[in-house]
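Comments concern the structure below.
The values are calculated or read from the model by the stated rules, or taken from the named source; none is laboratory data. Note that the coordinates shown come from a computational prediction; the quantities given were computed from them, not determined experimentally. Virtual Cβ from ideal backbone geometry, glycine too; neighbours counted across all protein chains shown. When the accessible area is computed, the model is the full protein with side chains, heavy atoms only, and any ligands, DNA or RNA have been set aside. Shrake-Rupley method; radii C 1.70, N 1.55, O 1.52, S 1.80 Å.
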Amino acid sequence: MVRTFLLSLIIIIVLAGCRKSDFYLQDNQQVLRDDGSGTGTVTWTKENEYILEGFVFVNDGQELTIEPGTVVRFRAGQAENASALIVSRGGKIIANGTRDEPIIFTAEGDDLKGSVTKDARGLWGGLIILGNAPINLEEGEASIEGIPFAEPRGIYGGVDENDDSGELRYVSIRHGGTNIGEGNEINGLTLGGVGQNTKIQYVEVIANNDDGIEIFGGTVNLKHIVISGCDDDAFDYDLGWTGNGQFWLGVQSEYLGDNLIEAGGGVDPVTGLPQSLPKIYNATMIGNRETGNGACAVFERNAGGIIANSVFLNKAKGVVLEVTDLEHDSFGQWKTGDLSIKNNVFYNVGQEDGVFRLSGFFTEPNKNEWDNYFNVAQNSIEDPGIDWQNGNYVPPQEIEGDLHIYPDSWFQIVDFKGAFGESNWIEGWTLLAE
């Protein structure tokens, strides 16, 4: 009996010393909690069910691989009991799903057969990826929003534009946005200081209680992105994001959502470098007109960039630029050519004051130039024929017309405006298309 007790004690000690996170096995189910050691370098497979409880980190130096078809579920919880997956600076996530076998992040109670309604929000936190790329805060780094500031693994920002945090491909993020404090919800996908060697394409965020995607600085590029049914902005960027975006679909629900694109610059200071100057092409953005707030795109705090060859539908406000009594504002970025809205289609957008608007001080002598810019930049008002009310976002024929030249080889050169030509690339892997 003594020998049996000693053997049991040895087994307990060995197991406690070997594991990277607390988890309990029940058949093929794994419940993971983070004891500070993170996930470790590990592969999650579709044969297992993963349930994450609390904040689970991929620590610096670790690599989490998730195989196609894997479903990762998160337990409910508010404030310090919220659940989320966070890839720390120096960590990597390799989540390469396929169109037939996407990787799904969702709530614990979601059986993927209707147990959770498509519009349910705030059931867990979200996916957060942090990197070493530049942000425009004076300190060069910051604590990411959405997790407690006291957590050292929540720091992001650095000097490596080419930083690599891994890959997301054919990933669907559903029903997130837990509130961890007053006004501090977790975005569906948060990217903080993520570098351009990180590959993000074919990613869906649906029914999140905050923004769909928020990008805090960095140089990361995003292609084939779907955001729908979120309670705040569809796409949000600030703190010096200088990456590229192409083939973005943003869809708002009635009475939900603010801006389709919210573009912010620096905070401390507003004039910080690098400036927020991304290039966004081939977006299709569908708003909620009279039942929602916000605009098609808002530029503030010295934010710039370019939006081109895109389609905006059904929003009460069009493109809004912040004008202040300071030299460095988004209107100033437009005057210097660092902000441009060119070769886009607008339909059922804007009110009596037009599609393009200024907010703030209106004493600027170039205001008339901004008012005339809509036509000068080859934007148009026309019905693209998209049957978005019935969930069909592909136009009956390609939306042609003058196209703005694509700026570099990262972009796929196409001959149409908006996120879709003839093929419906959201079918087969997104919840929105079901």
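Heavy atoms of the protein chains alone define the surface here; on that basis region 61-135 has 36 Å² accessible area per residue at 1.4 Å probe size. Across the chain, Cα pairs under 8 Å and at least six residues apart give a relative contact order of 9 percent. If you average the C-alpha positions of region 205-236 and of region 115-176 separately, how far apart do those two centres end up, in angstrom? Cα centroid of region 205-236 versus Cα centroid of region 115-176: 11 Å apart. The distance linking region 362-409 with region 269-284 is 19 Å (Cα centroid to Cα centroid, whole angstrom).
Taking Cα atoms, how many degrees apart are the long axis of helix 2-18 and the longest axis of the chain, rounded to 10 and kept between 0 and 90? It is inclined by approximately 20 degrees.
May I ask which residue of Pro407, Phe149, Ile306 lies farthest towards the positive end of the charge dipole of the chain, with charges of +1 (Lys, Arg) and -1 (Asp, Glu) on Cβ and the Cα centre as origin? Positive-end residue among those listed: Phe149.
Stretching Val267 away from Thr291 to a fully extended chain increases their span by 5.6 nm, per 0.36 nm per residue minus the current alpha-carbon distance. Summing charges over neighbours of Gly192, with a neighbour being any other residue whose Cβ is under 10 Å away from its Cβ, gives -2 when K and R count +1 and D and E count -1.
Heavy-atom accessible area with a 1.4 Å probe sorts Ile206, Ile155, largest first, into Ile155, Ile206. Rolling a 1.4 angstrom probe over the protein heavy atoms with all chains in place gives region 182-335 an accessible area of 25 Å² per residue. Could you check how much of the accessible area of the chain is carbon and sulfur, as a whole percent, using a 1.4 Å probe? Of all accessible area on the chain, carbon and sulfur atoms account for 48 percent. Modelled this way, with points 7 Å down the Cα-to-C-beta line, the labels at Gln201 and Glu398 are 1.9 nm from one another.
Each of Val159, Ala207, Gly131 was scored by the projection of its Cα onto the charge dipole of region 131-228, and the greatest displacement toward the positive side belongs to Ala207; charges sit on the C-beta of Lys, Arg, Asp and Glu.
Bridges between two residues of the chain, per DSSP, are antiparallel at a rate of about 10%.
Taking 17 Å as the straight-line reach from the Cα of Lys335, the aspartates and glutamates in range (excluding those fewer than 8 positions away in the same chain) are Glu300, Glu322, Asp325, Glu327, Glu364, Glu369, Asp371. Of the listed values [x] -0.63, -0.86, -0.98, -1.23; [y] -0.69, -0.99, -1.14, -1.44; [z] -0.55, -0.80, -0.95, -1.27, grab the one calculated as log10 I(q)/I(0) by the Debye sum over Cα atoms at q = 0.09, 0.11, 0.12, 0.14 Å⁻¹ from the structure here. Computed from these coordinates, log10 I(q)/I(0) by the Debye sum over Cα atoms at q = 0.09, 0.11, 0.12, 0.14 Å⁻¹ corresponds to label [z].
Remark: spin-label model distance Ser37-Ser409 equals 4.5 nm, labels positioned 7 Å along the Cα→Cβ axis.
When the chain is treated as a Gaussian network with alpha carbon springs shorter than 10 Å, the biggest mean-square fluctuation among Ser310, Ser380, Ser276 belongs to Ser380. Taking all protein chains as shown and a probe of 1.4 angstrom, Lys367 keeps an accessible surface of around 60 Å². With Cα atoms defining each centre, region 296-354 and region 45-106 are spaced 36 Å apart in the structure. Across the options Phe346, Ala433, Gly292, the greatest Cα extent toward the positive end of the charge dipole of region 281-434 (unit charges at beta carbon of Lys, Arg, Asp, Glu) belongs to Gly292. What fraction of the Cα pairs in region 64-203, stated in percent, has a spacing above 24 angstrom? The calculated P(r) of region 64-203 puts 31 percent of pairs beyond 24 Å. Taking Cα atoms only, the orientation of helix 367-376 departs from the longest principal axis of the chain by about 80 degrees.
For region 35-74, the residues whose amide N sits under 18 Å from a probe point set 7 Å from the Cα of Asn28 along the beta carbon direction are 43-52, 66-74.
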